[in-house]
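Notes for the one structure printed next.
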C-alpha cells in the first residue's frame, strides 16, 4: 500500500552558492498530493530546490526542510536522462524493480504498456545510443512514473519533446501522479498552467517567491481558456518583471 503523499515545509531556508546567497530565509510550503510547478529565470535556484528536497548531501543549507508525514518514497527525474547504455529501453524503464530484484511478468507488461502509450512500443529492445534525445527523455519519464513514489521531483521533464508529444506525455504524467506530491520545474508558463495545482515563481537572486494561489479546475487544463486568461497574464507579468 502506498504511503500518504507528504507536504513539504521550508522554514528560514538559506543557501549560499559560489560566494553569494541563493536562498535567503525562504518560508513556504508545498501542498500534499498536488502538483506544484516552479518557474523562474535560469540560475535562480529551481534545480537546487529539487536537490535539497531529495536530500542531496552536497548542498549545505541552514533552516529546515520537513515532511508531513515523514515516511515516503522519492522519485527523481533530472534534466539528463541518465539511461544506462547497456540496457534496452524496457529494462531502463524497469530499472527500480530490477535493482530491488522485483522484476516479474506483471511489471514487464506494465512497462510495455507505458512504452506503447508514450509512442515507443517499437523501441522496447533498443539501446539508448540508438534513440533520439526526445525518445530518451520519454524513457526517463516512464522510468520515474513506473516507481509509483509518493513524492516526485521532476526537472524539465518535457523539454526535449515536440509539442504534440509533450501534450500526450503531460496527460500521462498527470494521470499517473494523481494524489502524489509533485515538484515540477519548468520554463514553460503554459505547461505550468496546464499541469499545476499551484505555481511558485522564483525571481531575483537571492530568490524571492511569489506564490500564485491554487489554480481552478481539474488538471490537465486548457490554459488559454477564458477562465485561465487572468492567471496567464499574471504569470507572464511576474516572469517578465524583476522583483518579488
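Only one of (1) more than 29 Å from residue 134 (Cβ to Cβ); (2) assigned to a helix (DSSP H, G or I) fails for residue 101. Which number is that?
For residue 101, the failing item is (2).
Which of the residues that make up region 62-81 are more than 12 Å from the chain's Cα centre (by Cα) and surrounded by fewer than 17 Cβ atoms within 10 Å (Cβ to Cβ)?
Within region 62-81, 62, 63, 64, 65, 66, 68, 69, 70, 71, 73, 80 meet the criteria.
Let's see how each residue does on (1) in contact with a strand residue (DSSP E or B) (Cβ under 7 Å, 6 or more places away or on another chain); (2) in contact (Cβ under 8 Å) with a residue 60 or more places away in the chain; (3) within 26 Å of residue 81 (Cβ to Cβ):
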| residue | (1), (2), (3) |
| --- | --- |
| 154 | yes, yes, yes |
| 173 | no, no, yes |
| 202 | yes, yes, yes |
| 219 | yes, yes, yes |
| 232 | no, no, no |
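Modelled with pLDDT under 95, surrounded by fewer than 19 Cβ atoms within 10 Å (Cβ to Cβ) and farther than 27 Å from residue 53 by Cβ: which single residue out of 130, 165 fits that description?
The conditions single out 165.
Answer with yes or no whether residue 198 is in contact with a strand residue (DSSP E or B) (Cβ under 6 Å, 6 or more places away or on another chain) and at pLDDT 90 or above.
Spelling it out, residue 198 is indeed in contact with a strand residue (DSSP E or B) (Cβ under 6 Å, 6 or more places away or on another chain) and at pLDDT 90 or above.
Please find, within region 57-67, the residue that is modelled with the highest pLDDT out of those that are in contact with a helix residue (DSSP H, G or I) (Cβ under 9 Å, 6 or more places away or on another chain) and outside any strand (DSSP E or B).
Once the filter is applied, the top-ranked residue is 61.
Take the conditions more than 18 Å from the chain's Cα centre (by Cα) and surrounded by 13 or more Cβ atoms within 10 Å (Cβ to Cβ) and apply them to residue 3. Does it pass?
Yes.
Among the residues of region 222-244, is there at least one that is surrounded by 13 or more Cβ atoms within 10 Å (Cβ to Cβ), part of a strand (DSSP E or B), assigned by TED's automatic domain parsing to the domain that holds residue 36 and modelled with pLDDT under 95?
No, region 222-244 contains no residue that is surrounded by 13 or more Cβ atoms within 10 Å (Cβ to Cβ), part of a strand (DSSP E or B), assigned by TED's automatic domain parsing to the domain that holds residue 36 and modelled with pLDDT under 95.
List the number of the failed condition for residue 154; all other conditions in (1) surrounded by 22 or more Cβ atoms within 10 Å (Cβ to Cβ); (2) modelled with pLDDT under 90; (3) under 15 Å from residue 141 (Cα atoms) hold.
(2)
The values are calculated or read from the model by the stated rules, or taken from the named source; none is laboratory data. What you see is a predicted model, and the numbers here were worked out from it, not measured in a lab. Quick reminder, even Gly has a Cβ in these numbers, built from the backbone with ideal geometry, and neighbours come from all protein chains shown.
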